[in-house]
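The values are calculated or read from the model by the stated rules, or taken from the named source; none is laboratory data. This is a predicted model, so every value here is computed, not measured. Neighbour counts are summed over all protein chains in view; Cβ atoms, including those assigned to glycine, are modelled from backbone coordinates with ideal geometry.
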Amino acid sequence: MKGSGPIIIIGFKGCGKTTIGRMLAARLGRMFMDTDDMIEDLHKERMKQDLDFRGIYTEHGQEYFETLETEAVRAALKKRDCVISFGGGALAKADSGVTDSGVTDSGVTDSGVTDSTDTVFVYITVDPDVLFERIMKNGVPAFFKKDDPRSSFNTFMDQRAPVYEKYATFTVDNTKDNPEVAVNEIIETLKTQGRPV
């Protein structure tokens, strides 16, 4: 396992990335990183203010949040032998800036997306109606329209799903919200593909 690339958990907000990622890391004996947590740490370091990622977005705006998100993604991708949970928009944001400038010595493109062939992207899917209900249990997200959250959800899904599919090494469904089953499926797929576990 030493020297193997990161396993990156991707998918829309509320799909279970953090829970699945944390459980997977524990099962594989790898370090776990969550870009949302990293954003909060970067903000606290920079502004001396303790806010969760939702509060950062609401109080400081989208541009500032996305700057922190890009920094978090780049920092996470410098790590090896780890499991990384990407925030829902992190991959889409990174993908939108892809250039032809190549790969830096850290193995990260200018967009923040790794070109390393041993990086595994696991796309966690959930039925859209189930996912919308799951998200709304915690209130309307800061980046949704308050008066029409379903429209915002649909727009973001339409924008992000093709990016998730583009990078996915494989997908795992978590509609039934059973992280243990999802983790078992990820590990079995990794073994089937001959990847280090």
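Filtering ASP129, ASP118, ASP147, ASP177 for residues that are in a loop (DSSP other than H, G, I, E, B) and within 30 Å of GLU59 (Cα to Cα) leaves a single hit, ASP147.
To keep it simple, each residue is scored yes or no on (1) in contact (Cβ under 8 Å) with a residue 12 or more places away in the chain; (2) of a type outside the set (D, E, K, R); (3) under 12 Å from ARG27 (Cβ atoms).
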position	(1), (2), (3)
LYS166	yes, no, no
PRO179	yes, yes, yes
LEU190	yes, yes, yes
GLY194	no, yes, no
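One line per residue, one yes/no per condition, for (1) surrounded by fewer than 16 Cβ atoms within 10 Å (Cβ to Cβ); (2) on the phi > 0 side of the Ramachandran plot; (3) touching a strand residue (DSSP E or B) at 6+ places or on another chain (Cβ under 6 Å):
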{"residue": "GLN159", "(1), (2), (3)": "yes, no, no"}
{"residue": "GLU165", "(1), (2), (3)": "yes, no, no"}
{"residue": "ALA168", "(1), (2), (3)": "no, no, yes"}
{"residue": "ASP173", "(1), (2), (3)": "yes, no, yes"}
{"residue": "ASN178", "(1), (2), (3)": "yes, no, no"}
{"residue": "ALA182", "(1), (2), (3)": "no, no, yes"}
{"residue": "ILE186", "(1), (2), (3)": "no, no, yes"}
{"residue": "LEU190", "(1), (2), (3)": "no, no, no"}
{"residue": "GLN193", "(1), (2), (3)": "yes, no, no"}
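With the structure loaded, tell me whether THR155 is of a type outside the set (A, V, I, L, M, F, W, C) and in contact with a helix residue (DSSP H, G or I) (Cβ under 9 Å, 6 or more places away or on another chain) or whether it fails that test. Taking the combined requirement at face value, the residue does not satisfy it.
State which residue is farthest from THR70 (Cα to Cα) when the search covers only region 1-43 and only residues that are of a type in the set (Val, Ile, Thr) and surrounded by fewer than 20 Cβ atoms within 10 Å (Cβ to Cβ). So, considering only residues that are of a type in the set (Val, Ile, Thr) and surrounded by fewer than 20 Cβ atoms within 10 Å (Cβ to Cβ), the one farthest from THR70 (Cα to Cα) is THR19. Among the residues of region 129-146, those that are more than 15 Å from CYS15 (Cα to Cα) and without any contact (Cβ under 8 Å) to a residue 24 or more places away in the chain comprise GLY139, VAL140, PHE144, LYS145, LYS146.
Apart from one condition, ASN138 fits all of (1) loosely packed, with under 13 Cβ neighbours inside 10 Å; (2) modelled with pLDDT of 95 or more; (3) not acidic (Asp, Glu); the exception is (2). Note on region 1-34: residues that are assigned to a strand (DSSP E or B) and of a type in the set (Gly, Ala, Ser) amount to 0.
When VAL172, VAL126, VAL183 are screened for being touching a Leu at 6+ places or on another chain (Cβ under 9 Å), at pLDDT 95 or above and closer than 15 Å to ILE9 by Cα, only VAL183 passes. Touching a Pro at 6+ places or on another chain (Cβ under 9 Å) and without any contact (Cβ under 8 Å) to a residue 24 or more places away in the chain, is that true of PRO149? Yes. Picking from residues in region 41-86 that are under 20 Å from VAL140 (Cβ atoms) and touching a Phe, Trp or Tyr at 6+ places or on another chain (Cβ under 8 Å), the one that is modelled with the lowest pLDDT is PHE53.
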